[in-house]
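Values quoted throughout were computed directly from the atomic coordinates according to the rules given, and no laboratory measurement underlies them. Just so you know, these numbers come straight off a predicted model, no measurement behind them. Because the Cβ atoms are built from the backbone with ideal geometry, glycine has one as well, and the counts that use them run over all protein chains shown.
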Amino acid sequence: MFETSSAADAISVTQLNRESKRLLERGLGELWIEGEISGFSQPRSGHCYFTLKDDNAQVRCALFKSRAQFLREKPKDGDRVRVRAKVSLFEARGDYQLIVEALQQAGLGEWLARLARLKEQLAAEGVFANQRALPHPPRHLGVITSATGAALQDVIAVTRKRWPQAHLSVLPVAVQGPQAVPQLIRAVAMANRDSDCDALLITRGGGSLEDLWAFNDQHLARAIFHSRLPVVAAIGHETDTTLAELAADLRAPTPSAAAEALYPDQRAQVQQLSALKQRLWRAQRARLDQAAQRLDHARSRLRHPARELETQRQRARELERRLHAAVRMRMTREQQKADQLTRRLQQASPARDIQRHRQQLAMLTPRLNNALPRRLAADRERLEGAMRALNAVSPLNVLNRGYAIVERVGSSQTPAPGDSKVIRAAHQTQPGEMLSIRLGEGRLAVEVKRRYKPRP
């Protein structure tokens, strides 16, 4: 907020209005306000301006075009409404006003909330799962609607135009007011019980949510769900969706659209039949022409049976002659091949080779028996000589003569395994280092205490 201590610190009117607007918008936020509309106007810009009042006060309101386009119906003076708005201030004039975000008839919110709860309940029960097959077209249609409403006239007019032979039975009911629900339920039950209808149409014209509320009754929705006959519903305008429509097997946006969905256009079907007739005639004519051509071609190829038999007989005799010649030739070739294989088999007999190898084996056996001991004695003598030579140069023999091998094994504190190395000079060791001395028999573990330099 502004703080002024003197006339020199005065603020401008613009600053005042701007700060006031900021405080209003931040301090109050969005509110739901209920009141009566007065002085409603909607200029060419599309914005709506009106005053919201009660018995003791009033406030100016602005509903901009971006929000006004979503209104179900245009408000008028005297309407009691509920608005969702934020408090603001028009800086140019300093007018305190409401910027309206949503507008609905007073009491409409409770109705919509109740409708939403009923919709969830019935959906959970499976009331909206009807998918009964509709006859097309229905032989006898029961129309449940007001006998004096425009919806009935629309259905009759469209049906007579599209399908003149249609049989319609009107079950008159009240479509709004306290008597509407019981009459609608009674009509559905009577049509299922006493009539020979094969489909039902429940319909009425448009209206407000209050006018259509009878069709949002849960008992009516259940009656439609349990109906033996398939049900078509066309209630209100295309933007209206009631529980009765959701429970029906088919929803149409308008009564006229329902009649169009149930009954085909007879004239269009006649035209389609005519076109199909022409196509069938052309197809039959084409098939007859093709058959005539095939007949002419077959007639030109037709021969006398006697000549055809003689031709076949001659062909059979020629084939028999060729078969006999081929069999004789094949038998001759196979006999020659068998004679040749017999001669090769006789020439390749293994009897003589077996006898020769037996003689060689008899000669070699005594030689092998005599040579084997001599070979073993010679190999034993060579092995003993090699062992004597090996022992002569073996380090073990050297150790047995008083020599030793010194190896590094680590320090006295922590010998390092795998760190073994042969020591050839004293300078290769360190005091405190652990050494291993290998003798001719056994080992000694020693610790280096002192090193001595070699004498010159």
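Can you report the principal axis dimensions of segment 314-382 using only the alpha carbons, biggest first, rounded to whole angstrom?
So the extents along the principal axes, rounded to whole Å, are 98, 23, 8.
Which log10 I(q)/I(0) values, to two decimals, does segment 11-106 give at q = 0.18, 0.23 Å⁻¹ under the Debye formula with one point per Cα?
Listed by q, the Debye log ratios stand at -0.83, -1.21.
Using 7 Å Cα-to-Cβ label points, what is the T365/D296 separation (nm, one decimal)?
A separation of 10.1 nm, rounded to one decimal place.
Can you check what the net charge comes to around L134, using other residues whose Cβ is under 11 Å from the Cβ of L134 (Lys, Arg +1; Asp, Glu -1)?
With Lys, Arg at +1 and Asp, Glu at -1, the net is -1.
Can you check what the net charge comes to around V270, using other residues whose Cβ is under 13 Å from the Cβ of V270 (Lys, Arg +1; Asp, Glu -1)?
Net local charge, V270 excluded: +2.
To the nearest 500 deg cm²/dmol, what mean residue ellipticity at 222 nm is calculated for the chain from DSSP H runs of n ≥ 4 alone, each contributing -39,500 (n - 2.57), summed and divided by the residues?
Helix-only estimate at 222 nm: -16000 deg cm²/dmol.
Between L372 and R132, what is the label-to-label distance in nm when each label sits 7 Å out along the Cα-to-Cβ direction?
Distance between the two pseudo-spin positions: 10.8 nm.
Which percent, nearest 5, of DSSP beta bridges in the chain are antiparallel?
DSSP beta bridges in the chain are roughly 65 percent antiparallel.
Over the residues of segment 190-245, compute the C-alpha Rg and express it relative to 2.2 N^0.38 Å. It would help to have the intermediate numbers written out before the result.
On the way: Rg = 11.8 Å, N = 56, 2.2 N^0.38 = 10.2 Å.
That works out to 1.17 for segment 190-245.
Given the peptides 140-148, 44-52, 196-204, arrange them by the average over their residues of other C-beta atoms within 10 Å, most packed first.
So the order, starting with the most tightly packed, is 196-204, 140-148, 44-52.
When the chain is fully extended, how far beyond the present Cα-Cα distance does R114 get from L439, taking 0.36 nm per residue of separation? Mind dumping the intermediate values first?
Working: separation 325, 0.36 × 325 = 117.00 nm, distance 10.86 nm.
So the chain would gain 106.1 nm between R114 and L439.
Would you kindly derive the ³J(HN,Hα) couplings of segment 447-454 from the backbone phi angles with the Karplus curve 6.51 cos²θ - 1.76 cosθ + 1.60 (θ = phi - 60°), listing them in order in whole Hz, with x for Gly and Pro?
Calculated HN-Hα couplings, in order: 10, 6, 9, 8, 10, 10, 6, x Hz.
For the chain, what does the relative contact order come out to in percent, with C-alpha contacts under 8 Å and a separation of six or more?
8
Just to confirm my numbers, what's the Cα centroid distance between segment 291-332 and segment 88-107 in Å?
106
Treat segment 260-391 as a sphere of radius equal to its Kirkwood radius over Cα pairs and apply Stokes-Einstein at 20 °C in a medium of 1.002 mPa s; give the translational diffusion coefficient in µm²/s, rounded to a whole number. All intermediate terms of the calculation are to be shown ahead of the outcome.
Values: Rh = 27.9 Å.
D = 77 µm²/s.
Taking 51 Å as R0, compute the FRET efficiency from the Cβ-Cβ separation of K53 and H140 and round it to 0.05.
Values: r = 56 Å, r/R0 = 1.11.
Computed FRET efficiency for K53 and H140: 0.35.
Separation between the R451 and R380 pseudo-spin-labels, each 7 Å from Cα along Cα→Cβ, expressed in nm?
Label-label distance for R451 and R380, simple model: 5.6 nm.
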